[in-house]
Every structure is written in structure tokens, then in C-alpha cells.
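First comes the structure, then the notes that go with it.
The values are calculated or read from the model by the stated rules, or taken from the named source; none is laboratory data. All figures in this text were calculated on a predicted structure; none of them were measured in a lab. Cβ placement follows ideal geometry from the backbone for every residue including glycine, while neighbour counts extend to all protein chains displayed.
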Amino acid sequence: MTHLPRLLLLLCALALPAQAQEQGQPSGTIETEQEVGGDAAIERRIERILAELNGYEGVAVDVREGIVTFSGAVLEPEAIARLDELASRVNGVVAIENEVVEDTDVARRLNPVLDRFRARLVQAVAYLPLLAVAIVAGLAVVALGILLARWEAPWRRLAPNAFIGEIYRVVLRLAFVLAGVVVALDILNATAVLTGLLGAAGIVGLAVGFAVRDTVENFIASVMLSLRQPFRPHDFVDIDGTLGTVIRLTSRATILLDPDGNHVRLSNAFVFKAKIINYTRNDTRRFGFALGIDPADDLAEARRIGLETLRALDFVLADPAPAVWVKEAGDSTVTMEFFAWINQRETDFMVSKGEALRLVMAALTRAGIGLPEPSYRLNLGGGGLPVIGLPDSAKPAESMVISEDEPPPEQKPLPLPGAQDVAADPTIGRMVEEERKTTAQRDLLSPAAPEE
């Protein structure tokens with residue numbers, strides 16, 4: 001128990017120098033005797049140091065028994081803490097009393113600002129010749145890039161089409177603009193600014209990318225479509241259910257002319273991801289139609305008549321040959337399908353299909369092959385058997401009976417009609433060509449580009 005007070009005193013003695021050090025107070029042992037003129041020497045030393053530093057004109061120093069007392073006012077609060085640090089490093093200082101406050105006088109606070117403004121203005125004027133040289137050098141580099149971009153001959157060889165060539169030129173111009181900025185900053189010895197500019201440009205580019213995501217997606221789709229070329233002008237295509245003849249491909253949309261003569265504008269982002277059927281890519285195209293045949297008739301004879309009729313048509317190709325087959329048997333009819341091939345460069349697809357349907361129906365009817373409509377049974381008696389084929393009550397029953405002595409009426413065979421003109425209609429093609437000539441909008445579809 002007797003050692004506990006001594007231990008506490010020892011710990012306090014060890015902690016006091018550390019606390020004084022943290023507060024900017026001098027540390028170490030204090031001499032028992034004061035040197036002659038020591039306080040005056042310390043005071044003169046500190047005053048000479050403050051006289052060489054800016055911002056301490058209003059600070060007074062007083063030293064007694066090694067204790068330094070600062071009084072007065074300074075403009076910046078950081079200068080107050082620096083006084084403690086400075087005085088603690090002077091030999092012989094025992095303690096520091098810092099009574100300096102921050103000066104609030106408006107005139108004194110504005111004077112340093114004006115001095116800094118004048119110094120920067122003088123520095124800017126001195127930099128003007130160097131700035132002029134940097135600007136001229138940067139503009140020279142940019143001008144060189146613009147001249148190279150305007151030189152079209154090499155880009156025609158490098159790019160598959162005009163749109164890709166324009167992208168190459170834009171990238172080249174941007175590269176030379178960036179090089180011009182780097183050259184100018186290097187002349188001014190300010191290349192560190194470039195890091196901040198690139199960082200800011202990256203953040204701005206990321207934000208803009210999210211904001212115009214659809215536009216960027218559409219632009220990339222335009223580039224890919226101009227490279228892949230899935231269709232050409234005058235091609236008749238089906239783009240995810242939209243039928244039309246291609247007029248042109250722009251940097252934003254694909255423009256079609258539908259069979260009714262209407263303009264259809266489809267976003268390139270939609271076209272790039274859509275299912276595209278190009279009917280014009282191959283010269284030959286197959287048409288088909290279905291007919292319901294009476295189940296009581298000879299299906300083989302119906303098939304033979306259909307094949308002979310299709311083969312006899314001038315616009316139907318012999319190779320590939322026409323084909324007829326039974327598709328399915330229904331409740332009241334047997335469905336047969338008839339297919340034939342045509343050269344769609346010379347023959348109108350829809351007209352030829354309609355003529356083939358008309359002539360096959362006429363040939364089957366002439367041969368006595370029935371083409372009945374589907375029939376249905378309606379139960380109107382509330383649960384009883386349906387009544388079918390009842391004679392009209394207004395007519396006598398005898399009128400519905402044919403005498404055995406009376407011969408059946410003679411049925412004359414129907415003449416087989418001839419085929420109409422099925423030549424390809426040039427109306428849509430002419431409208432597309434006129435649209436391409438009258439509109440000055442650039443077309444990204446190039447005949448020289450490879451087809452997908």
C-alpha cells in the first residue's frame with residue numbers, strides 16, 4: 001500500500017512531457033539557473049524569425065523566465081498553430097503562451113487577396129507568348145488531322161462503305177484533337193491537367209452513355225447492318241412481320257415501301273435483332289394453296305388433274321417441278337395442297353398464285369371433282385336427332401322425285417379458261433427508284449460491299 005502513491009506520481013511525471021509535446025510545448029529538463037541575457041536573446045531570435053515570415057507583422061513577442069508569450073492578430077488561423085511549433089524549437093524556451101487571435105479587419109484581409117491577384121495577373125501576362133506558341137502548335141496538329149480526314153482516297157479502299165469510312169474519319173479527327181491538346185499542355189508544362197480532364201471525360205462519358213443508351217445501340221446496329229448488308233435496295237423483305245421493298249438504309253433507320261405504296265421506317269436496332277426474310281435474294285420462289293376435295297371423289301384423279309394443270313402453265317417452272325399431296329382429312333372434305341415454282345424476276349408472285357388457283361379449280365370442276373364447302377350439323381330439337389335435307393314445305397313432294405323414265409339432265413363440260421398476264425408489276429420498283437433519286441439522304445447499302 002505504501003508503494004501505490006509513488007507509482008501514481010511516477011506515471012503522472014511520465015505523462016506530462018508527452019502531453020506537453022502534443023500541445024506544442026517544449027520538452028526536456030528545466031535548468032535551475034537562468035543565463036544572463038537569456039530571455040532577451042530568445043526574444044530577439046524569435047522576433048528576427050517572425051520578421052522573415054509573411055503574415056506575422058501584427059504579432060508581439062515577450063519572454064520572461066523562458067516563458068514565451070505571443071500576442072496580436074494574424075490573418076490565417078493556420079499561422080497561430082505555427083507560432084507554437086516555431087517557439088518550441090528555440091533553445092531555452094520553457095513554456096509558450098499563445099494569445100494570438102485571427103484578425104477580422106476587412107481591409108487587412110482583402111490586401112493579401114489583391115496581392116495574390118496581381119501576382120497571378122503578372123504571371124499570366126508573362127505566360128502569354130508561351131500560351132500563344134502552345135495554341136498554335138495544338139491547332140497545327142488538329143489541322144493536320146482534319147486534312148488527313150478529308151482525303152477520301154485511302155478511306156474508300158479501307159472502308160467497305162461510306163458510312164464506315166465516315167466513322168474512320170471521325171475517329172482520326174478525334175485522335176488528332178487529343179494529340180493537339182497534349183502537345184499544347186506539354187509546351188505549357190501542364191500535362192498533369194490532362195489526367196483530370198481524362199477522368200472527368202470518363203465520368204461524363206459514362207453518364208451520357210446511360211442517358212443515350214438507345215441511341216448508342218441504334219448507332220452500333222447501323223454499323224453492323226452496313227457491314228453485314230442483309231438486303232439491298234429493291235429487295236422485297238419481311239422484317240419480323242413487316243413486308244416491304246427496301247428503299248435505303250440510313251444511320252438511324254431502315255426505310256421500306258410496303259405493297260400499298262406506304263413508307264415504313266424501322267429502327268436499325270429493331271432490324272438488327274429481328275427475323276429477316278429476303279424474298280428477292282433467290283430468283284425462284286414457290287407459291288402454294290389448299291383446296292377441299294369431296295371425299296367421295298377420286299383423290300388420285302384430283303391429284304393428277306392438279307399436276308397437269310400446273311405443269312401446263314407457262315409461268316410455272318419445270319425444275320423444280322410442281323407438287324400436289326393430301327394434307328389432311330376433315331369431317332366433310334379432304335384438304336389437298338398444290339405447290340409450284342416461278343421465276344419472280346419475270347412473274348408477279350401474287351398474280352401467278354391467284355391464276356394457278358383459279359385454273360386448278362376450273363380444271364377440277366370441269367372433270368366433275370367436287371369442291372364442297374365444309375358442312376356442320378346443328379341440333380335445334382333440344383336433344384333429338386338433327387333433321388337434315390328436309391324438302392321445302394312450300395313445294396310438293398313430287399317435285400323432289402325424279403322419274404325413272406326421265407333421263408337425267410345432260411351436263412356439258414366447262415371450258416378450261418386461259419391464263420391471264422402474270423408478268424411482274426414494275427410499279428413498286430419504279431416508286432422505289434424515284435424515291436432514291438429525289439431524296440438526298442445518304443444510303444449505307446453499297447453494291448460493292450459483301451452480302452451476308
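Any idea which of 228, 286, 311 is free of Cβ contacts under 8 Å to residues at least 12 places away in the same chain and of a type in the set (Lys, Arg)?
Values: 228 fails: free of Cβ contacts under 8 Å to residues at least 12 places away in the same chain; 286 fails: free of Cβ contacts under 8 Å to residues at least 12 places away in the same chain.
None of the others qualify; the one that does is 311.
Within region 188-214, track down each residue that is surrounded by 11 or more Cβ atoms within 10 Å (Cβ to Cβ), at pLDDT 70 or above and either part of a loop (DSSP other than H, G, I, E, B) or among the basic types (Lys, Arg) (or both).
Within region 188-214, 188, 190, 191 meet the criteria.
Report the residue count in region 127-160 for those that are over 21 Å from residue 174 (Cα atoms) and modelled with pLDDT of 80 or more.
Residues meeting the conditions: 6.
Regarding region 247-267, can at least one residue be identified that is among the polar types (S, T, N, Q), free of Cβ contacts under 8 Å to residues at least 60 places away in the same chain, buried (at least 16 other Cβ atoms within 10 Å of the Cβ) and part of a helix (DSSP H, G or I)?
no
Mind checking which residues of region 141-151 are assigned to a helix (DSSP H, G or I), surrounded by fewer than 13 Cβ atoms within 10 Å (Cβ to Cβ) and of a type in the set (A, V, I, L, M, F, W, C)?
Answer for region 141-151, where residues must be assigned to a helix (DSSP H, G or I), surrounded by fewer than 13 Cβ atoms within 10 Å (Cβ to Cβ) and of a type in the set (A, V, I, L, M, F, W, C): 143, 147.
Give me a count of the residues in region 51-96 that are part of a helix (DSSP H, G or I), in contact (Cβ under 8 Å) with a residue 24 or more places away in the chain and under 23 Å from residue 114 (Cβ atoms). Spell out the reasoning first.
Step one: filter region 51-96 for residues part of a helix (DSSP H, G or I), giving 51-52, 77-88.
From the residues that got through so far, the ones that are in contact (Cβ under 8 Å) with a residue 24 or more places away in the chain too are 77, 79, 81, 83-88.
Those left that are additionally under 23 Å from residue 114 (Cβ atoms): 77, 79.
The total comes to 2.
Out of the residues in region 417-450 that are surrounded by 14 or more Cβ atoms within 10 Å (Cβ to Cβ) and at pLDDT below 65, which is nearest to residue 346 (Cα to Cα)?
Going through the qualifying residues, I end up with 419.
Among the residues of region 328-343, which ones are touching a Ser or Thr at 6+ places or on another chain (Cβ under 7 Å) and among the polar types (S, T, N, Q)?
Of everything in region 328-343, those that are touching a Ser or Thr at 6+ places or on another chain (Cβ under 7 Å) and among the polar types (S, T, N, Q) turn out to be 332, 343.
Mind listing whichever residues of region 291-327 are in contact with a Ser or Thr (Cβ under 6 Å, 6 or more places away or on another chain) and either part of a loop (DSSP other than H, G, I, E, B) or at pLDDT 95 or above (or both)?
The initial filter retains those residues of region 291-327 that are in contact with a Ser or Thr (Cβ under 6 Å, 6 or more places away or on another chain), namely 292, 315, 327.
315 - this is the single residue of region 291-327 that is in contact with a Ser or Thr (Cβ under 6 Å, 6 or more places away or on another chain) and either part of a loop (DSSP other than H, G, I, E, B) or at pLDDT 95 or above (or both).
Could you please find all residues in region 278-308 being of a type in the set (Asp, Glu) and either touching a Lys or Arg at 6+ places or on another chain (Cβ under 8 Å) or under 17 Å from residue 351 (Cβ atoms) (or both)?
Listed by number, the list holds a single entry, 283.
Out of the residues in region 295-322 meeting the condition of being in contact with a helix residue (DSSP H, G or I) (Cβ under 8 Å, 6 or more places away or on another chain) and small (Gly, Ala, Ser), tell me which one is surrounded by the fewest Cβ atoms within 10 Å (Cβ to Cβ).
318
Within region 328-366, which residues are in contact (Cβ under 8 Å) with a residue 60 or more places away in the chain and part of a helix (DSSP H, G or I)?
Those that are in contact (Cβ under 8 Å) with a residue 60 or more places away in the chain and part of a helix (DSSP H, G or I): 349, 351, 352, 353, 355, 356, 357, 359, 360, 361, 364.
With respect to residue 169, determine if the residue is modelled with pLDDT under 85, among the basic types (Lys, Arg) and more than 25 Å from the chain's Cα centre (by Cα). Lay out the reasoning, then the answer.
On the way: modelled with pLDDT under 85: yes; among the basic types (Lys, Arg): yes; more than 25 Å from the chain's Cα centre (by Cα): no.
Spelling it out, it is not the case that residue 169 is modelled with pLDDT under 85, among the basic types (Lys, Arg) and more than 25 Å from the chain's Cα centre (by Cα).
From the list 310, 257, 291, exactly one residue is of a type in the set (A, V, I, L, M) and outside the structural domain of residue 333 (by TED's automatic domain parsing). Which is it?
Being of a type in the set (A, V, I, L, M) and outside the structural domain of residue 333 (by TED's automatic domain parsing) holds for just one of 310, 257, 291, which is 257.
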